[in-house]
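*Asks:* Let me begin by handing over the structure; questions about it come next.
The values are calculated or read from the model by the stated rules, or taken from the named source; none is laboratory data. As the structure is a prediction and not an experimental result, all values here were calculated from the model. Neighbour counts are summed over all protein chains in view; Cβ atoms, including those assigned to glycine, are modelled from backbone coordinates with ideal geometry. We work out accessible area using only protein heavy atoms, side chains counted, and drop any ligands, DNA or RNA first. Shrake-Rupley method; radii C 1.70, N 1.55, O 1.52, S 1.80 Å.
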Amino acid sequence: MALAFDEYGRPFIILKEQDQKTRLRGIEAQKANISAGKAVARILRTSLGPKGMDKILQSPDGDVTITNDGATILEQMDVDNQIAKLMVELSRSQDYEIGDGTTGVVVMAGALLEQAERLLERGIHPIRIAEGYELASRIAVEHLEHISQKFDFGTEDIEPLVQTCMTTLSSKIVNRCKRHLAEISVKAVLSVADLERKDVNLDMIKVEGKVGGKLEDTELIYGITVDKDMSHPQMPKQIEDAKIAILTCPFEPPKPKTKHKVDIDTVEKFQTLRLQEQKYFDDMVQKCKDVGATLVICQWGFDDEANHLLMHRNLPAVRWVGGVELELIAIATGGRIVPRFQELTPEKLGRAGLVRERSFGTTKDKMLYIEHCANSRAVTIFIRGGNKMMIEETKRSIHDALCVARNLIRNNSIVYGGGSTEISCSIAVEAASDKYPGVEQYAIRAFADALDSIPMALAENSGLQPIETLSAVKSQQIKENNPHYGIDCNDVGTNDMRQQDVFETLIGKQQQILLATQVVKMILKIDDVISPSHY
Amino acid sequence: MAIEKIFKDDASEEKGERARMASFVGAIAITDLVKTTLGPKGMDKILQSTGRGHGITVTNDGATILKSLHIDNPAAKVLIDISKVQDDEVGDGTTSVVVLAGELLREAEKLVAAKIHPMTIISGYRMAAECARNALLQRVVDNKENAEKFKSDLMKIAMTTLSSKILSQDKQHFAQLTVDAVMRLKGSTNLEAIQIIKKPGGSLKDSFLDEGFILDKKIGLGQPKRIENAKILVANTAMDTDKVKIYGARVRVDSMSKVAEIEGAEKEKMREKVQKIIAHGINCFVNRQLIYNFPEELFADAGILAIEHADFDGIERLALVTGGEIASTFDNPESVKLGHCKLIEEIMIGEDKLIHFSGVEMGQACTIVLRGASHHVLDEAERSLHDALCVLSQTVNDTRVLLGGGWPEMVMAKEVDELARKTPGKKSHAIEAFSRALVAIPTIISDNAGLDSADLVAQLRAAHHEGCNAGIDVITGSVGDMAELGISESFKVKQAVLLSATEAAEMILRVDEIITCAPRQREDRM
């Protein structure tokens, strides 16, 4: 194939060293790609919904991660197949954009691929399928808009937000205390949110974890925690109304960047040098003291002598604080990061109502809490839990919940969860399909079938009869013309999702459908895969 | 067209039943490994390290055993992790937590085989754990108000903890030691203030608690061996050559005489420094870093006891004990806080000379000197003491106390059983299984003691039907009254065991797929 002939009948090579490459073409390539995409989706399918299962992932170094977050699973999987990598990307972009629904998007894409395979077998051209999907996704997204509801919340009335976060958390291992965590997430988001501009900077929320204690001990701290302790064991452990100097210069004599040498050749020089050195230390501490700082936070270490001088002058200090934390502290306390002692002025100091050191358990673990900051917009969620994997998973779950809360602040439209929106969209797409003449009609109908697969997976994971349940809910939706019926995963007794308070964000759902369609279109358009077979 | 390979070459994937099987097998294997160390008649393990010298550790501390294992099974890693956390958080119960989690999984395996969905099992376990915790809460004894009784509680807890360790022969002695040490802390959990010094020789019985502070160092030559009413300066400063810290400075000379001059200046600088230190009006100087011969000589001349190279912990403790501050500059003697103690003297323990600071200001700190036949014995004794100290210090903060000897497990099992009867649906099977897993702990304790567990546990169950203080008395091999026997445990430890074991079991149960990445290729460094 890779050998062609020019007009004189001489052969020339298009693909170099073609023997060493494997090559798939045409329908073969599409089928191979589809099966790879399906395989990835199948892995995630069982993680969907409140009764979804977790996966253990063992990294190359033997570390264990236990999670049911789609994005995390895919990221940590050692994927080699090109199409599988596309699916990984898909879930990652959902994670970046929305933060939640990373499993759903992959399952959706898998279902679309599965339907596409059937259409291919009937001889429909892949591009036509792709176009049909495109049309269908547009219908679905419009329909979503149509069935969505606005809901109002204020800083006082956070209940709706909490409910939505609880829906997200209920599929994670932390669902034991989802109420508690949801409240924490919502409060954290609200305290950093800019309700005027409808914007939330999630960087202001730091999620920290420490093993030990119980999940219920997880708390929201209106301030910053730093995993450091005071530089000198005898410095005070608690400072009220602290004025904080945030320094990025070491408490050491300056080191000019240009190469130089100070030659000592006489006794006098030796002595002056010594005096100068002492003066350096003295000056540094004095400067901090002069501007009225009561706490020094430094990015670098300091010399024993400086340490003692600080202690001596009753100026507590923290050393080796990382750059990111330093920035957060600066934001929270309203201080400026000062790179040189000379530039230290009283205005550049940060303020915090209370700085205290807290120790944990029987080991020497200590953490520094900086609370009641001048700018209370930065908060920390401090997670406790039985073991390391638990903490990591809780962090991921909290991240999802935070993202959901943020999305709601950006756009307060919601749709109902539990598969109800997918069913409703499926009905709408199915109904619309008949209006389209031509081959696309089939593709649109296939899209509707693919939408059904999400509630189907939900029902399956919850131990219900998938087909039976789905058809019952579907007929109920059509009969009563009410898009709020979904799958009753938790065996509550009603499948009206409005009564169960299961919400999802509108933009999250829309994004899911759009992203999944896009990737499937991309995969369908590939008709030639060339890969080196051996290294 | 066959399904393509999605993963990299060596990566593997296990699904559904097989994944669950792999985690059950791994977790149960770990449980069986540490199971035999549980209880007062538990056996020890020898651990041989693969490092150079093949060092040996003999222990029956669950956390220590598990920490040293190289494990590949992910579920087993979860169990090791909870044991480690238990160690960090409360210090004791490291074996129990693993055994309980393992038993929970063993029961879950049976339920899964009986076609009950893992999620149903989890929700049953959750209900059961909550119920068990409430059962414990109802039966706790809190003697916070009564200092006398509380002390005897502590004593009992210490004895119970120590009885499963190598120190069990002298548990009375050691329990007294640990209780005294912890009582001195006055509620703080800072165990750093309790120093443990290990000296081979003598027998375990010769170990003692010292009220002062013992520093494992020698006194410099020609300096006083005994100082009364000592004023101590604790320092962290260079006493060898005081380097010039200005970057890029170096000495460059062009003749021999200059070298001598500079050397003289250096010496002068050191002398000045020593003078400044002496000007503090001290008679004892302890430095973290080396003290060279020259300054040492100067100190000796001034009649000051100079101790060099005290390690970091030693310095910090010494500062804590004597109430001084750790100094690094010596320009303002009037504002440096000096440490005080009544008497410094050199004492002999076995063949080693140590420096003993007695009559210290702060009563918090103390030293426990351990004596024993060999290093292995001492190491294990230290671990046991550490466990006891941790538990006691936690108990001082959370004064709720339970009985021991399998009593709490039986109490919980009874309540959980009752809950199972009241709960409709498949969950009740899981709740029942939870209670079976709880009963497994007294069963293992009696099995390890070589007793007829089936008979004993049945008797216990019958006794608990009435609601009494019955537990297993391993010494006589029968059911006994735990309150009379004085076997107690801390509520905090039991609660941590219960909660983290359930959490871990839940976590492993939720898994239905294991994806293992290709192991990172390492170069052979043999």
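*Asks:* Run the numbers on region A:458-473: which residues show a drop of 30 Å² or more in accessible area, chain on its own versus all protein chains together, using a 1.4 Å probe over heavy atoms?
*Replies:* Residues passing the criterion (a loss of at least 30 Å², heavy atoms only) do not exist in region A:458-473.
*Asks:* Could you compute the net charge surrounding A:Asn68? Neighbours are other residues with a C-beta less than 12 Å from the C-beta of A:Asn68; K and R count +1, D and E count -1.
*Replies:* Here the count lands on 0.
*Asks:* Let me ask something else about it. Under a Cβ-only charge scheme (Lys and Arg +1, Asp and Glu -1), can you give me the dipole magnitude of chain B about the Cα centre, in debye to the nearest 20?
*Replies:* Approximately 560 debye in magnitude.
*Asks:* Roughly to the nearest percent, how much of the accessible area of region A:223-375 is carbon and sulfur, given a 1.4 Å probe? Let's see the in-between values first.
*Replies:* Numbers: 3480 of 7060 Å².
On region A:223-375, the fraction of accessible area on carbon and sulfur atoms equals 49 percent.
*Asks:* Between their Cα atoms, which of B:Lys41/B:Lys186; A:Lys214/B:Lys77; A:Lys228/B:Lys144 are more than 24 Å away from each other?
*Replies:* B:Lys41/B:Lys186; A:Lys228/B:Lys144
*Asks:* Just checking the output field for A:46-58: average partner chain Cβ neighbours within 10 Å of each residue's Cβ?
*Replies:* Working: counts 4, 3, 0, 0, 1, 7, 3, 11, 9, 9, 18, 7, 11.
That works out to 6 on average.
*Asks:* In addition: Give me the percent of accessible area attributable to carbon and sulfur for chain B, probe 1.4 angstrom.
*Replies:* On chain B, the fraction of accessible area on carbon and sulfur atoms equals 50 percent.
*Asks:* Provide a list, ordered by number, of residues in region B:86-107 showing at least 10 Å² less accessible area with every protein chain present than when their chain is taken on its own, using a 1.4 Å probe.
*Replies:* B:Asp88, B:Glu89
*Asks:* Further question: Ordering B:Trp407, A:Trp300 from largest to smallest accessible area (1.4 angstrom probe), what's the sequence? Mind showing how you got there, number by number?
*Replies:* Numbers: B:Trp407 5, A:Trp300 120 Å².
Ranked from most to least accessible, the order is A:Trp300, B:Trp407.
*Asks:* A follow-up question, please. For helix A:26-45, what angle does its Cα long axis make with the longest principal axis of chain A, in degrees from 0 to 90 and rounded to 10?
*Replies:* Compared with the principal axis, the helix lies near 60 degrees.
*Asks:* Further, regarding this structure: Where does chain B land at 222 nm, in deg cm²/dmol rounded to the nearest 500, when only DSSP H runs of n ≥ 4 count, each adding -39500 (n - 2.57), divided by all residues? It would help to have the intermediate numbers written out before the result.
*Replies:* On the way: 16 runs with 257 residues, N = 526.
Here the helix-only value at 222 nm equals -16000 deg cm²/dmol.
*Asks:* Still on this structure, please answer the following. Answer with one residue from B:Ile347, A:Thr272, B:Phe150: the one whose Cα lies farthest towards the positive end of the charge dipole of the protein assembly as shown, charges on Cβ with Lys, Arg +1 and Asp, Glu -1.
*Replies:* A:Thr272
*Asks:* Something else: From the phi of every residue in region B:39-47, what ³J(HN,Hα) in whole Hz does the Karplus formula 6.51 cos²θ - 1.76 cosθ + 1.60 yield, where θ is phi - 60° and glycine or proline is x?
*Replies:* Computed from phi, the couplings for region B:39-47 are x, x, 9, x, 9, 8, 10, 9, 10 Hz.
*Asks:* What are the equivalent ellipsoid semi-axes of the protein assembly as shown, built from the alpha-carbon gyration tensor (square roots of five times its eigenvalues), in whole angstrom, biggest first?
*Replies:* Equivalent-ellipsoid dimensions as semi-axes: 59, 41, 28 Å.
*Asks:* Where does the charge balance sit around A:Leu202 when Lys and Arg score +1, Asp and Glu -1, over other residues with C-beta under 15 Å from its C-beta? Mind dumping the intermediate values first?
*Replies:* Values: positive: A:Lys187, A:Arg197, A:Lys198, A:Lys206, A:Arg377, A:Lys395, A:Arg396, A:Arg406, A:Arg410; negative: A:Asp95, A:Glu97, A:Asp100, A:Asp194, A:Asp199, A:Asp203, A:Glu208, A:Glu327, A:Asp400.
That sum, taken over residues with Cβ under 15 Å, equals 0.
*Asks:* A further question follows. I'd like the distance separating the alpha-carbon centroids of region B:75-127 and region A:478-535, in whole Å.
*Replies:* Here the two parts' Cα centres lie 34 Å apart.
*Asks:* Calculate how steeply helix A:159-169 sits against the longest principal axis of the alpha-carbon atoms of chain A, using the helix alpha-carbon long axis, and give the answer as 0 to 90 degrees to the nearest 10.
*Replies:* 80 degrees
*Asks:* Here's something else I'd like to know. Nearest 100 Å² is fine: what is the total accessible surface buried where chains A and B meet, probe 1.4 Å?
*Replies:* 7600 Å²
*Asks:* Something else about it: What is the ratio of the Cα radius of gyration of chain A to 2.2 N^0.38 Å, where N is its residue count, to two decimals?
*Replies:* On the way: Rg = 30.0 Å, N = 535, 2.2 N^0.38 = 23.9 Å.
With N residues counted in chain A, Rg over 2.2 N^0.38 Å equals 1.25.
*Asks:* Shifting gears a bit: Just flag the chymotrypsin sites (Phe, Trp or Tyr not before Pro) in region A:66-151 sitting in loop per DSSP whose Cβ has no more than 16 other Cβ atoms within 10 Å.
*Replies:* Here the sparse-neighbourhood loop sites are A:Phe151.
*Asks:* Using only protein heavy atoms and a 1.4 Å probe, report how much of B:Glu418 is accessible, in Å² to the nearest 10.
*Replies:* 70 Å²
*Asks:* Counting only protein heavy atoms, probe 1.4 Å: which residues of region B:33-74 lose 30 Å² or more of accessible surface in the full assembly compared with their chain by itself?
*Replies:* Residues of region B:33-74 that lose at least 30 Å² of accessible area once the other chains are added: B:Pro74.
*Asks:* At 222 nm, what helix-only mean residue ellipticity would chain A give, in deg cm²/dmol to the nearest 500, using -39500 (n - 2.57) for each DSSP H run of four or more?
*Replies:* -15500 deg cm²/dmol
*Asks:* Given all pairs of different Cα atoms, what value in angstroms does the Kirkwood hydrodynamic radius of region A:223-375 take?
*Replies:* Hydrodynamic radius (Kirkwood, Cα only) of region A:223-375 equals 16.2 Å.
*Asks:* Turning to a different aspect of this structure: At 1.4 Å probe size, with every protein chain present, just tell me what the per residue accessible area of the protein assembly as shown comes to in Å².
*Replies:* 43 Å²
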